[in-house]
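Data first, discussion second: the structure below is written as structure tokens.
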Amino acid sequence: MLIVPDARPPTTIEGLLGPEVLARFDRLDVVSRRVFAGRLPGERRSKRRGQSVEFDDYREYVAGDDLRHVDWNVMARLDRAILKLFLEDEDLAFHVVVDASPSMRTGATPDGAPSKVLFAHRMAMALSSIGLVNQNRVVVSVYGLPGRRIVRTLPAVRGRRNIERVGRFLLDSLATEAKRALGDRAEPEPFARAMREVALTRAGAGVMVVLTDLLETGDFERGLTDLTGRGFDAHIIQTLAPTELEPERAASEGLVGDLRLTDVETGRAAEVTITGALIRRYKARLEAHLQRVERACLVRGIRHALVRTDTSIDQLVLDALRRRGLLG
């Protein structure tokens, strides 16, 4: 699709996602299908036994156990030292990964609809704030930006006070992406390479959300395997622009007749004539690709959601992602 600059690229956190929008998400939390060992006291039950007030089980006392946990009533009846065990509260590692590769620049329209990269950054802001409000360890990464580094990462932060820090990191990412010259090329197979680097992070396994268009010609399945191989409870939110899903709508943008199109990822060009038959072939190939992505996620236990960039952030967070089990 044609690249149109975002009409009003945000320069402040309020422009990225205002406080009144973030406030609507305060009652939500990240839902994990697995139990991960945390690092700091938090608001999530772990499998480890600890000091919380929620009773879990009994076991025999052994030398060195804390005598404060002996159930003296049981000992009086059975003449045996029995220890009470409790569930421990721990924090959750929550990783949010944003695709900023060249193909994500598409989707913006002159009437103000956001590009895929802006939409993904706004979603990252919403998800990160939910994690921070609930005392999770939030790690935010962006891949595909111009420069030598494959992935740029904001190390783990925790607590509501770090919402502004995450916002500044995402704004800096958008500013860097906006400076990309037309025709700049990403590294080959950026998704697979980026997911391998993200999977090796020292922040620990946890819930991971990747915001990407996943318009990959390479072996993106390898990147998905790296995520599951490291034990992440992974979610792929595949963001596509309306004109990518319905290319006939792009006629108003000039995609008609004889054109020379350039692939923003590879720099390769092709002479094409836009006809109804060509659009039908494009839609068939896109559908086949989307089915391939869905199957690849399904067999790896990764949750996949296809999201249009004209979806409101409120609707996506408060409705779709809750129904899909990422938020609760």
Completion exercise
For residue 82, other-chain or 5+-apart residues with amide H closer than 5 Å (H placed, Pro excluded) are 61, 71, 75
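In terms of the Cα gyration tensor, with a ≥ b ≥ c the square roots of its eigenvalues, is the range 278-328 rounded because a/c is under 1.5, prolate because a/b exceeds b/c, or oblate?
Numbers: a/c = 5.21, a/b = 1.45, b/c = 3.61.
Cα axes put the range 278-328 in the oblate bin.
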Problem - Inter-site label distance for residue 222 and residue 292 at 7 Å from Cα along Cβ, in nm - result: 1.5 nm
Practice task
May I ask you to order 117-123, 279-285 by the average number of other C-beta atoms within 10 Å around their residues, highest value first?
Solution key: 117-123, 279-285
Fill in the blank from the handout: Under 5 Å from the placed amide H of residue 137, counting only residues 5+ away or on other chains, we find 92, 93, 94
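How much length is gained on full extension from residue 268 to residue 148, taking 0.36 nm per residue of separation minus their Cα-Cα distance?
Values: separation 120, 0.36 × 120 = 43.20 nm, distance 2.15 nm.
Fully extending the segment from residue 268 to residue 148 adds 41.0 nm.
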Exercise for the section: Tell me which residues come under 5 Å, amide H to amide H, from residue 6 once H is placed; ignore anything under 5 positions away on its chain. Expected result: none
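If you count, for each residue, the other Cβ atoms within 10 Å and average over each peptide, how do 126-137, 208-219 line up from highest to lowest?
Highest mean packing first, the order is 126-137, 208-219.
Can you tell me which of 232-245, 99-112 comes out highest on packing, and rank the rest after it, using the mean Cβ neighbours within 10 Å?
Working: 232-245: 22.9, 99-112: 20.9.
Result, highest mean Cβ count within 10 Å first: 232-245, 99-112.
Between residue 278 and residue 27, what length in nm is gained on full extension when 0.36 nm per residue of separation is reduced by their alpha carbon distance? Don't jump to the answer; show the numbers that get you there.
Values: separation 251, 0.36 × 251 = 90.36 nm, distance 4.70 nm.
Contour length minus Cα-Cα distance gives 85.7 nm.
Every number in this text was worked out from the coordinates using simple rules, so none of it is lab data. Computed from a predicted model, the values in this text were never measured in an experiment. Because the Cβ atoms are built from the backbone with ideal geometry, glycine has one as well, and the counts that use them run over all protein chains shown.
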